[in-house]
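The structure under discussion appears below in the form of structure tokens.
The values are calculated or read from the model by the stated rules, or taken from the named source; none is laboratory data. Everything numeric in this text was worked out from a predicted model, so none of it was measured. Ideal geometry is used to build each Cβ from the backbone, glycine not excepted, and the neighbour counts take in all protein chains shown. These accessible areas exclude ligands, DNA and RNA; they are computed on the full protein's heavy atoms, side chains included. Shrake-Rupley method; radii C 1.70, N 1.55, O 1.52, S 1.80 Å.
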Amino acid sequence: QVQLVESGGGLVQAGGSLRLSCAASGRTFSSYAMGWFRQAPGKEREFVAAINWSGGSTYYADSVKGRFFISRDNAKNTVYLQMNSLKAEDTAVYYCAAKTSYLRASATGYGYWGQGTQVTVSS
């Protein structure tokens, strides 16, 4: 079992940056692959970015590639999402997710979810 708590959301102007954090509880954080997803009002939840257990493999949705960067610190049981050049269409609730996996980063198979943090980008 792992519990996930996101933080770092807020209101930012278009073109600005935010860094989201996701703190994980549990003894075996390094055995989990991690992902970030988002859900905008009236839309389905969508994949944003993923990172494998070691940080050596990352994967991004086309819509954020080159603007968002996922990283992790296994010593701090934390995964981050650095979001740059934010656009109004990035407005959503952002969720952290985890799955037990030693494979390369991927967008599917996540079984543990945080409660989400709101990101609002004003145009």
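When region 101-123 is filtered for residues that are touching a strand residue (DSSP E or B) at 6+ places or on another chain (Cβ under 6 Å) and open to solvent by 40 Å² or more (accessible area, probe 1.4 Å), the ones remaining, listed by number, are Gly109, Gly111, Tyr112, Trp113, Gln118, Thr120, Ser122. Among the residues of region 32-60, those identified as open to solvent by 30 Å² or more (accessible area, probe 1.4 Å) and aromatic (Phe, Trp, Tyr) are Phe47, Trp53, Tyr59, Tyr60.
So which residues in region 85-105 are under 14 Å from the mean Cα position of the chain (by Cα), more than 11 Å from Met34 (Cα to Cα) and aliphatic (A, V, I, L, M)? The answer is Ala92, Val93.
Please indicate, with yes or no, whether at least one residue in region 1-8 is open to solvent by 20 Å² or more (accessible area, probe 1.4 Å) and over 26 Å from Thr120 (Cβ atoms). Yes, because at least one residue in region 1-8 is open to solvent by 20 Å² or more (accessible area, probe 1.4 Å) and over 26 Å from Thr120 (Cβ atoms). Modelled with pLDDT under 95, closer than 14 Å to Ala98 by Cα and not in a loop (DSSP other than H, G, I, E, B), is that true of Ser21? No; evaluated as a whole, the condition is false for this residue. Residues that are under 13 Å from Val12 (Cα atoms) and touching a residue at least 60 places away in the same chain (Cβ under 8 Å) do occur in region 73-84. Which members of region 10-31 meet the condition of being touching a Gly at 6+ places or on another chain (Cβ under 8 Å) and open to solvent by less than 20 Å² (accessible area, probe 1.4 Å)? Answer for region 10-31, where residues must be touching a Gly at 6+ places or on another chain (Cβ under 8 Å) and open to solvent by less than 20 Å² (accessible area, probe 1.4 Å): Leu20, Cys22. When residues in region 61-86 are screened for being open to solvent by 50 Å² or more (accessible area, probe 1.4 Å) and of a type in the set (A, V, I, L, M, F, W, C), 2 of them pass. Has region 38-57 got at least one residue that is closer than 14 Å to Glu6 by Cα and within 11 Å of the chain's Cα centre (by Cα)? Yes, that holds for at least one residue.
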